[in-house]
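Asks: After the structure tokens below, expect a handful of questions from me.
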Amino acid sequence: MPDLLELTGISASYGRIQALSNVSLRVAEGSIVALLGSNGAGKTTTLNTISRLVPVTSGSILFDGKPIENWASHRVVEGGIAQVPEGREVFRDMSVRENLEMGAYRRKDAAAVRSDFERVLDYFPKLRERLQQRAGTLSGGEQQMLLIGRALMMRPRLLLLDEPSLGLSPVLVQQIFGIIDRLHKDGLTILLVEQNAAVALACSNYAYILENGEMALQGFSEQLRRDDGVRRTYLGH
Ligand code: ATP
């Protein structure tokens, strides 16, 4: 499969803090790629450079073969990249339905929006039961589902997921990753940031590990899971 996303030699900084140095990664169309690393390694910053929320100081970002490193963030979204940010930033005072509709507010294809709405509710039956409920009253797991659902309402070609397991119980983590697996099987391309290396390596095709803003290691997830160094450092074995 061709690469849908290709970062080459990306550097980014916050003032004098260099957050990323010379980071390169590729996401093949139809794959799930995991981006792992400990706290502060630069995972969120990498996603934010792709979404154009953080400027790059050098390097290039190709999406579907086109350079996007100078695009405005709304153009990136319209171009087909949707990010689910870390933490739960649902519109708390709006209903579940309204939150989902917000994901599609720039779209003009009403019939396709309606069918995507149904598709999202098929992925997340819990949300269907709660369409009129105020989003701020959902449980943590339901809010995470709503955030993913809202991103799907943009009908993205590439989904950027930032720590979907954060703060969730093991059962909910399993549920969320079951859905991520289904999205992948249905053809969606996903770049997944996770601190939970065990679940991320189990569901991804390929993985990159960041350390202090630099790419430390990469390989097929299946192989990294069996690598002694990775097991000791990231899987706690
Ligand atoms: P975590 O899992 O804890 O979110 P991360 O791997 O996603 O970590 P980043 O959030 O990308 O890491 O942070 C990378 C580095 O950049 C850290 O040293 C962090 O303190 C710094 N940083 C992140 N955001 C900002 C900001 N808005 N201003 C200044 N420094 C920042």
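The values are calculated or read from the model by the stated rules, or taken from the named source; none is laboratory data. Keep in mind that what you see is a predicted model, and the values were worked out from it rather than measured. Cβ atoms come from the backbone with ideal geometry, glycine included; neighbour counts cover every protein chain shown. All accessible areas refer to the heavy atoms of the entire protein, side chains included, with ligands and DNA or RNA removed. Shrake-Rupley method; radii C 1.70, N 1.55, O 1.52, S 1.80 Å.
Asks: Among what's in the stretch 14-34 and is over 15 Å from the mean Cα position of the chain (by Cα) and surrounded by fewer than 17 Cβ atoms within 10 Å (Cβ to Cβ), pick the residue that is farthest from the ligand (Cβ to nearest atom).
Replies: Pass one, the stretch 14-34, residues over 15 Å from the mean Cα position of the chain (by Cα): 14-24.
Then drop every residue that is not surrounded by fewer than 17 Cβ atoms within 10 Å (Cβ to Cβ), which leaves 14-18, 22, 24.
On the way: TYR14: 3, GLY15: 7, ARG16: 10, ILE17: 5, GLN18: 8, ASN22: 15, SER24: 16 Å.
Out of the qualifying residues, it is SER24.
Asks: Starting from the stretch 30-52, keep only residues that are of a type in the set (Lys, Arg), then list their pairs with residues that are open to solvent by 10 Å² or more (accessible area, probe 1.4 Å) whose Cβ atoms are within a distance under 7 Å, requiring at least 6 positions of separation or different chains.
Replies: ARG52/TRP71; ARG52/ALA72; ARG52/SER73
Asks: Given the criterion of a type in the set (Gly, Ala, Ser) and over 28 Å from THR44 (Cα atoms), identify the matching residue among SER165, SER115. It would help to see each step written out before you state the result.
Replies: Details: SER165 fails: over 28 Å from THR44 (Cα atoms).
Just one listed residue meets the conditions, SER115.
Asks: Follow-up. Considering only the stretch 35-86, state which residues are in a loop (DSSP other than H, G, I, E, B), within 16 Å of the ligand (Cβ to nearest atom) and open to solvent by 30 Å² or more (accessible area, probe 1.4 Å). I'd like the intermediate steps shown before the answer.
Replies: First, pick out the residues of the stretch 35-86 that are in a loop (DSSP other than H, G, I, E, B): 37-42, 51-57, 64-65, 68-72, 80, 85-86.
So of that shortlist, the ones also within 16 Å of the ligand (Cβ to nearest atom) come out as 37-42, 51-57, 85-86.
Correct list: SER38, ASN39, GLY40, ARG52, LEU53, PRO55, VAL56, THR57, PRO85, GLU86.
Asks: Select from the stretch 186-201 the residues that are part of a helix (DSSP H, G or I) and either modelled with pLDDT of 95 or more or open to solvent by less than 10 Å² (accessible area, probe 1.4 Å) (or both) and list them in ascending order. Before the answer, list the steps.
Replies: If we filter the stretch 186-201 for residues that are part of a helix (DSSP H, G or I), which is where we start, we get 197-201.
Hits for the stretch 186-201 are ALA197, ALA200, LEU201.
Asks: Do you know which residues across the stretch 5-34 are part of a loop (DSSP other than H, G, I, E, B) and either modelled with pLDDT of 95 or more or in contact with a strand residue (DSSP E or B) (Cβ under 6 Å, 6 or more places away or on another chain) (or both)?
Replies: Scanning the stretch 5-34 gives GLU29, GLY30, SER31.
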